[in-house]
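Here's the structure, in structure tokens; my notes come after.
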């Protein structure tokens, strides 16, 4: 593995982290949207605030990490991606900003009506943002981003693989978030709420699995996604199988109401399929357009990125890990009267 591959792997590490941590964050907003009116959804929304309140900003660090890493280490690919896919990226940025502002302002609303408005913006943005991130991933994976950045600004991200990516992104983050919320509610002593959320996680997992099977067929039929399909059949196949096994295990654990271990297997299921996508796509950074070596910057730049990553690994990462350790303690999840 050369220095370019190492930098690509480190960048993709951020993709996996954002898919899991940011995914659970976005998925909580999906359940906020489906919680019901102010009375029926009060307990669930309270749990959502308690679970994601301390970490939702920290989770977006991974998106910044990915973009900065790609901009610095693979500038040709970054430029092509941003030029061709500027519309969905614009919608993603708008969704992140609106979501964050609404989540913060809802707590300080002066009336129920104002709180509802902020809640609607927060929840809707929580659906829109992962959907368009999934469409962006689908566009890249199906070879719709040319090296010169002159791809069609509309058709490039509206093909079959992009729609599949968007739908799976929303379903996956919903499934992941529900398992997290059920475990948090159980740890906080809210057993009835944990059961309600856990049942939703079970059904979300069943639907996600069914859609994933349909998605596999759709990718096979998409003539632009043959590189991805071939990679999933070969290098990525063990990880696809691992994801399926972890997902099925999660469903069994949810059925048995074992929320804490279900959380771990759900993470394994999502992480495996995301890594499988990366392995299947290797060594393309923009499928059928630019390889990792073709898009890489100067060797000195790549070495500098590795050094910066090492420095962050011993400074910023431990602080983030400690934050999650604190938030997952029983004292944080227990109601205070």
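The values are calculated or read from the model by the stated rules, or taken from the named source; none is laboratory data. What you see is a predicted model, and the numbers here were worked out from it, not measured in a lab. With ideal geometry, Cβ positions are generated from the backbone for all residues, glycine too; neighbour counts draw on all protein chains shown.
Considering only the range 229-237, I want to know if a residue exists there that is over 21 Å from the mean Cα position of the chain (by Cα) and assigned to a loop (DSSP other than H, G, I, E, B).
Yes; the residues of the range 229-237 include at least one that is over 21 Å from the mean Cα position of the chain (by Cα) and assigned to a loop (DSSP other than H, G, I, E, B).
What pairs come up if the first residue lies in the range 24-50 and is on the phi > 0 side of the Ramachandran plot and at pLDDT below 90, the second is buried (at least 24 other Cβ atoms within 10 Å of the Cβ) and outside any helix (DSSP H, G or I), and their beta carbons are under 9 Å apart, counting only those six or more places apart or on different chains?
none
Which pairs turn up if I take residues in the range 127-154 that are on the phi > 0 side of the Ramachandran plot and look for partners that are in a helix (DSSP H, G or I) and surrounded by fewer than 23 Cβ atoms within 10 Å (Cβ to Cβ) with beta carbon separation below 6 Å, at least 6 apart in sequence or on another chain?
143/224; 149/79; 149/83
Among the candidates 221, 264, 213, single out the residue that is surrounded by 14 or more Cβ atoms within 10 Å (Cβ to Cβ) and out of contact with any strand residue (DSSP E or B) (no Cβ under 8 Å at 6 or more places or on another chain).
Values: 221 fails: surrounded by 14 or more Cβ atoms within 10 Å (Cβ to Cβ); 213 fails: surrounded by 14 or more Cβ atoms within 10 Å (Cβ to Cβ).
After applying the criteria, what remains is 264.
Which numbered condition in (1) within 24 Å of residue 65 (Cα to Cα); (2) in contact with a helix residue (DSSP H, G or I) (Cβ under 7 Å, 6 or more places away or on another chain) is the only one that residue 232 fails?
For residue 232, the exception is condition (1).
Kindly check whether there is at least one residue in the range 235-243 that is surrounded by fewer than 18 Cβ atoms within 10 Å (Cβ to Cβ), under 22 Å from residue 22 (Cα atoms) and at pLDDT 95 or above. Working first, answer last.
Filtering the range 235-243 for residues surrounded by fewer than 18 Cβ atoms within 10 Å (Cβ to Cβ) gives 235, 237-238, 241-242.
Checking which are under 22 Å from residue 22 (Cα atoms) leaves us with 242.
Going one step further and asking which of them are at pLDDT 95 or above, we end up with 242.
Yes, the range 235-243 contains a residue that is surrounded by fewer than 18 Cβ atoms within 10 Å (Cβ to Cβ), under 22 Å from residue 22 (Cα atoms) and at pLDDT 95 or above.
For residues in the range 92-114 being in contact (Cβ under 8 Å) with a residue 40 or more places away in the chain and surrounded by fewer than 18 Cβ atoms within 10 Å (Cβ to Cβ), which is farthest from residue 70 (Cα to Cα)?
So the residue we want is 112.
Within the bounds of the range 83-90, is there any residue that is in contact (Cβ under 8 Å) with a residue 12 or more places away in the chain, part of a helix (DSSP H, G or I) and within 20 Å of residue 19 (Cβ to Cβ)? Working first, answer last.
At the first step, the residues of the range 83-90 found to be in contact (Cβ under 8 Å) with a residue 12 or more places away in the chain are 83-89.
Now drop any that are not part of a helix (DSSP H, G or I), which leaves 83-84, 86-89.
Filter once more, keeping what is within 20 Å of residue 19 (Cβ to Cβ): 88-89.
Yes: one or more hits.
Conditions: (1) within 21 Å of the chain's Cα centre (by Cα); (2) modelled with pLDDT under 95. Residue 312 meets all but one. Number of the miss?
All conditions pass for residue 312, except number (1).
Restricting attention to the range 52-69, does a residue exist that is under 27 Å from residue 154 (Cβ atoms), in contact (Cβ under 8 Å) with a residue 12 or more places away in the chain and not in a loop (DSSP other than H, G, I, E, B)?
yes
Please determine whether any residue of the range 205-213 is at pLDDT 90 or above, over 22 Å from residue 231 (Cα atoms) and more than 20 Å from the chain's Cα centre (by Cα).
Checked against the condition, which is being at pLDDT 90 or above, over 22 Å from residue 231 (Cα atoms) and more than 20 Å from the chain's Cα centre (by Cα), the range 205-213 yields no hits at all.
Failed condition for residue 96, given (1) at pLDDT 95 or above; (2) within 24 Å of residue 157 (Cα to Cα), with all others met?
All conditions are met except number (1).
Keeping to the range 138-160, report how many residues are part of a helix (DSSP H, G or I) and surrounded by fewer than 22 Cβ atoms within 10 Å (Cβ to Cβ). Explain how you work it out, then say what you get.
Kept after step one, since they are part of a helix (DSSP H, G or I), are these residues of the range 138-160: 138-141, 155-157, 160.
Remaining after also requiring surrounded by fewer than 22 Cβ atoms within 10 Å (Cβ to Cβ): 155, 160.
Matching residues across the range 138-160 total 2.
Across the range 249-284, what is the total count of residues that are part of a helix (DSSP H, G or I) and touching a residue at least 24 places away in the same chain (Cβ under 8 Å)?
So the first thing to find is which residues in the range 249-284 are part of a helix (DSSP H, G or I), and the list is 249-255, 259-281.
Retained after the next criterion (residues that are touching a residue at least 24 places away in the same chain (Cβ under 8 Å)): 250-251, 254-255, 259-260, 262-263, 266-281.
Number of matching residues: 24.
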